[in-house]
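The values are calculated or read from the model by the stated rules, or taken from the named source; none is laboratory data. Just so it is clear, the model here is predicted, and its values are computed rather than measured. Neighbour counts run over all protein chains shown; Cβ positions are idealised from the backbone, glycine included.
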Amino acid sequence: MALKLIHGTDEYLVSDNARKAVNALCPESEQTLGLETVNGDVKTIDEAVTALKTCIGALRTIGLFGGQKTVWLRDVSIFKDAVLSKNQLVKDLLGQLADDIKKGLPDGQNLIISAPGVDRRSVFYKVCEAAGAVEAYDLPEQDYKKKPVIRERAQTLFAEANCRIGAGALDLFLEKVGTDTRQLVMEAEKLMLYIGDRKEITVEDVRAITSSTSEAIAWDFTDALGERKLNDALKILRQLIFQGEQPVGIMFAVENLYQNLLQYRAYIDHGWLKLSGGYGANAVQWSDDPDMDKLFAQLPADPREIHWFRTSKLAQQAKNYSAEELCRCQKRLLKTHEQLVSSGVPAEMILEMLVIKLVGKV
């Protein structure tokens, strides 16, 4: 018999490795008769009870014609659901399943359990752990810890396919796909198919073929504003509104952008920040200035500690505006925000007029 509890917050890796484990025990050609899949993604106590009873019954029933049998309890939501996991009948059934595991499953019976999360303090988890059958695939909760992990995975994917990708193209790719592993894998595969035999991925390739996540689309919108691309900004704004983004939320993003641009314009004008050509940490050069040190010490976050790619992008965008223009933009933003929350004019029209005035030299 074989037993595996595969869990974690990285949905793609949990699903992918569970499928590999199932295929290793029961080849696809034998799955019609040799595999029983039980849906563990349940919402109610009745559904949870049915799923667990089905799983236990399948394990206690020999395979057809006495052959091997693999049971896959898939996408189990019970372990992390506070209501379901505390129900006495559900707890009793989990206890029965744990007892079967402790006694040892019958010869020829295999059990694969995949779950988005498991309480590691639970009796069930400890039984599986004692059997040496636990695999965990977690992503860090904090964004700053998650990004290096996703970056390493992207680099590994491209390296395994013998594809070269420069730092700038990789940064842009990760900015578009976000921190979801499934999205990362799908977009990487699409990008590699797009370049064909060339085996070298450029910034232009990423821009041409890589889809943005909903969060990245918002970044595309603010980038279009910063780069003063009116048609792109209006197009993406309409897409955001169509997707159901709240106008006030869009307004906050725009206000935050122009606040950053005003600051970076000041850093450039004071000679504190200089940009060089190309990509890499050396593309951003901060001066050694005591006044700058004193100012940055008073800020919630030191701008010099921001990733060079983000810093270079904001600085390049700030150079598209004069300090006087950015001051006028601030006044327009204040007036538009008041209009957005108090006027009867449709919010979409207010935001479109704002974009036209910010990007165009109006």
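Please verify whether the range 197-204 includes one or more residues that are among the polar types (S, T, N, Q), touching a residue at least 60 places away in the same chain (Cβ under 8 Å) and surrounded by 14 or more Cβ atoms within 10 Å (Cβ to Cβ). Even if it seems obvious, please write down each step before you answer.
Step one: of the range 197-204, the residues among the polar types (S, T, N, Q) are 202.
Of the ones still in play, those that are also touching a residue at least 60 places away in the same chain (Cβ under 8 Å) are none.
No, the conditions are met nowhere in the range 197-204.
Pairs are defined by a Cβ separation below 7 Å, a sequence spacing of at least 6 or placement on different chains, a first member in the range 127-156 that is at pLDDT 90 or above, and a second member that is small (Gly, Ala, Ser); the pairs so defined are VAL127/ALA98; ALA136/GLY8; TYR137/GLY8; ASP138/GLY8; ALA154/ALA188. Pairs are defined by a Cβ separation below 7 Å, a sequence spacing of at least 6 or placement on different chains, a first member in the range 342-362 that is in contact (Cβ under 8 Å) with a residue 12 or more places away in the chain and at negative phi, and a second member that is assigned to a loop (DSSP other than H, G, I, E, B) and of a type in the set (A, V, I, L, M, F, W, C); the pairs so defined are ILE356/VAL362. The single condition among (1) at pLDDT below 90; (2) under 30 Å from the mean Cα position of the chain (by Cα) that MET251 does not satisfy is (1). Kindly check whether there is at least one residue in the range 244-262 that is at positive phi and free of Cβ contacts under 8 Å to residues at least 60 places away in the same chain. Scanning the range 244-262, I find at least one residue that is at positive phi and free of Cβ contacts under 8 Å to residues at least 60 places away in the same chain, so the answer is yes. The range 133-249 holds helices (runs of 4 or more DSSP H) entirely within its bounds, and those carrying 1 or more residues that are hydrophobic (A, V, I, L, M, F, W, C) and either touching a Ser or Thr at 6+ places or on another chain (Cβ under 8 Å) or within 30 Å of ASN110 (Cα to Cα) (or both) map to 143-160, 167-177, 181-195, 214-226.
This table checks each residue for (1) more than 32 Å from the chain's Cα centre (by Cα); (2) under 14 Å from LEU257 (Cα atoms); (3) surrounded by fewer than 15 Cβ atoms within 10 Å (Cβ to Cβ).
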position: VAL284; (1), (2), (3): no, no, no
position: ASP302; (1), (2), (3): no, no, yes
position: THR311; (1), (2), (3): no, yes, no
position: GLN317; (1), (2), (3): no, yes, no
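Return yes or no: is VAL71 farther than 25 Å from ARG153 by Cβ, of a type in the set (Val, Ile, Thr) and out of contact with any Pro (no Cβ under 9 Å at 6 or more places or on another chain)? Give the derivation first.
Numbers: farther than 25 Å from ARG153 by Cβ: yes; of a type in the set (Val, Ile, Thr): yes; out of contact with any Pro (no Cβ under 9 Å at 6 or more places or on another chain): yes.
The answer is yes for VAL71.
Listed by first and then second residue, the pairs linking a residue in the range 302-319 that is in the same structural domain as GLY226 (by TED's automatic domain parsing) and modelled with pLDDT of 85 or more to a residue that is of a type in the set (D, E, K, R) and surrounded by 14 or more Cβ atoms within 10 Å (Cβ to Cβ), with Cβ atoms under 7 Å apart and 6 or more places separating them unless they lie on different chains, are GLN317/GLU227; ALA318/ARG265. Tell me yes or no: at least one residue of the range 27-50 is crowded, with 19+ Cβ neighbours inside 10 Å and in contact (Cβ under 8 Å) with a residue 60 or more places away in the chain. Looking for residues that are crowded, with 19+ Cβ neighbours inside 10 Å and in contact (Cβ under 8 Å) with a residue 60 or more places away in the chain, one finds at least one in the range 27-50, hence yes. Checked against (1) of a type outside the set (A, V, I, L, M, F, W, C); (2) in contact with a helix residue (DSSP H, G or I) (Cβ under 7 Å, 6 or more places away or on another chain); (3) exposed (fewer than 12 other Cβ atoms within 10 Å of the Cβ); (4) closer than 19 Å to TRP219 by Cβ, GLY249 passes all but condition (2).
Take the residues in the range 110-125 that are of a type outside the set (Gly, Ala, Ser), in contact (Cβ under 8 Å) with a residue 24 or more places away in the chain and not in a helix (DSSP H, G or I), then tell me which one is nearest to LEU25 (Cα to Cα). Reasoning before the result, please.
From the range 110-125, those of a type outside the set (Gly, Ala, Ser) are 110-113, 116, 118-121, 123-125; that's our starting set.
From what's left, in contact (Cβ under 8 Å) with a residue 24 or more places away in the chain: 110-113, 116, 118-119, 123-125.
Going one step further and asking which of them are not in a helix (DSSP H, G or I), we end up with 110-113, 116, 118-119.
Details: ASN110: 8, LEU111: 10, ILE112: 10, ILE113: 13, PRO116: 22, VAL118: 23, ASP119: 26 Å.
My answer is ASN110.
Given the criteria assigned by TED's automatic domain parsing to the domain that holds VAL22, surrounded by fewer than 20 Cβ atoms within 10 Å (Cβ to Cβ), in contact (Cβ under 8 Å) with a residue 24 or more places away in the chain and more than 33 Å from the chain's Cα centre (by Cα), does ASP107 qualify? It is true that ASP107 is assigned by TED's automatic domain parsing to the domain that holds VAL22, surrounded by fewer than 20 Cβ atoms within 10 Å (Cβ to Cβ), in contact (Cβ under 8 Å) with a residue 24 or more places away in the chain and more than 33 Å from the chain's Cα centre (by Cα). Comparison of LYS91, LYS80 shows that the only residue that is in contact with a Pro (Cβ under 9 Å, 6 or more places away or on another chain) and surrounded by 13 or more Cβ atoms within 10 Å (Cβ to Cβ) is LYS80.
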